[in-house]
Amino acid sequence: MSLVILENIKKNYISGEVSVPALRGINLSIDKGKFVSFVGPSGSGKTTLLNLIGCLDKPTEGKIFVAGAEVNNMNRKTSAKFRGDNIGLIFQNFNLIPVLTVYENVEYPLIMVQDVPPEKRKQRILDLLEKVGMTDQKDKYPAQLSGGQKQRVAIARALVTEPKLVLADEPTANLDHDTAYKVIGLMHHMEKEFNTTFIFATHDSKIVGEVEVIYTVEDGLITKTHENKKIGEEK
Ligand code: ADP
Ligand code: MG
């Protein structure tokens, strides 16, 4: 079953007097439980694609379905609620809240969007912190963590709401080689454990070798779809 469907998606940004065509007609469907990536040069439209799928922005033209719901014409309030219930986000710069501890950062989306009772909340946060190997750091603040540790916390935060879909924009861009591999491995493990769909945007060749499907994005179009057979068969 397709979790994400894009039908003839176009996106123009208005910059002063000019309209910048960032996406020029994208058709795509991504199945539930897949581990896929948009790959392409800077400026090709990867972040724009993730923002649209993540209901953070609206297309100029076309339709987007996520988990069976048409998201392209939802209003702000509805799309915020939909995102909170269905989508986890991971960013290049981790985007942790500096004044909150590791535990509180992971707790945050549960308080903000989801109505989870306190006891259940605590168990879920502790379970996830254990899964990402951050139990011992739970009372530390982001400034006290390494890049790899911050990204582990960001993964836990993205998964704590038990989303159907996780979107990660250049999640390894600020990590060294070994840490990047570990972080990808962790996301792969989480994908299998929770049957969560992961969609990355990257130009990092380390990720390219680790995903099931690679969509090459060039100048606002998907120019190539490559299935990484070996990884698909392992599942
Ligand atoms: P990528 O993530 O692949 O680097 P983006 O999706 O960020 O690409 O950008 C695609 C194109 O859209 C680029 O030409 C970029 O300059 C333009 N763009 C992105 N965001 C905006 C914006 N907010 N306003 C105007 N142009 C934008
Ligand atoms: Mg980008």
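The values are calculated or read from the model by the stated rules, or taken from the named source; none is laboratory data. Please read all numbers here as calculations on a predicted model, not as lab measurements. Heads up, the Cβs are rebuilt from the backbone with ideal geometry, glycines too, and the neighbour counts pull from every protein chain shown. Areas reflect the complete protein model, heavy atoms only, side chains present, ligands, DNA and RNA absent. Shrake-Rupley method; radii C 1.70, N 1.55, O 1.52, S 1.80 Å.
General remarks:
- Of all accessible heavy-atom area on region 69-176, the percent that carbon and sulfur account for (1.4 Å): 48
- For region 110-235, a Kirkwood hydrodynamic radius built from all Cα pairs, placed in the Stokes-Einstein relation at 10 °C and 1.306 mPa s, yields a translational diffusion coefficient of 99 µm²/s.
- Estimated 222 nm signal from helices in the chain, with DSSP H stretches of n ≥ 4 weighted -39500 (n - 2.57), rounded to 500: -11000 deg cm²/dmol
- Accessible area in square angstrom per residue, region 2-234, 1.4 angstrom probe: 48
- Relative contact order of region 2-234, pairs being alpha-carbon contacts under 8 Å that are 6 or more residues apart, as %: 28
- Selection among V153, V183, H226 by position relative to the dipole of the chain gives V153 as farthest towards the positive end (Cβ unit charges, Cα centre).
- Using alpha-carbon coordinates, inclination of helix 147-159 to the longest axis of the chain, degrees: 80
- Cα-based shape type of region 35-78, given that a ≥ b ≥ c are square roots of the gyration tensor eigenvalues and the cut on a/c is 1.5: prolate
- Distribution of pairwise C-alpha distances over region 1-48, 5 Å bins, in %: 5, 17, 21, 24, 17, 9, 4, 2, 0
- Calculated on the Cα set of region 2-234, radius of gyration then Dmax: 17.4, 53 Å.
- Most to least packed among 119-127, 57-65 [average Cβ atoms within 10 Å]: 57-65, 119-127
- Residue with peak Gaussian network fluctuation, the chain [Cα springs, cutoff 10 Å], from E70, E210, E17: E17
- Using Cβ point charges alone (K and R +1, D and E -1), the dipole size of the chain about the Cα centre works out to roughly 360 debye.
- Ellipsoid semi-axes in whole angstrom, largest first, where each is sqrt(5λ) of the Cα gyration tensor of region 91-148: 19, 14, 10
- Positive-end residue, region 1-113 charge dipole about Cα centroid, Cβ charges, pick of F38, Y103, L89: F38
- Debye equation applied to the C-alpha atoms of region 43-120, log10 I(q)/I(0) at 0.23, 0.25, 0.26 Å⁻¹: -1.15, -1.23, -1.27
- Listed by chain and number, the aspartates and glutamates whose C-alpha is less than 14 Å from the C-alpha of K120, apart from same-chain residues fewer than 8 away, are E107, E162.
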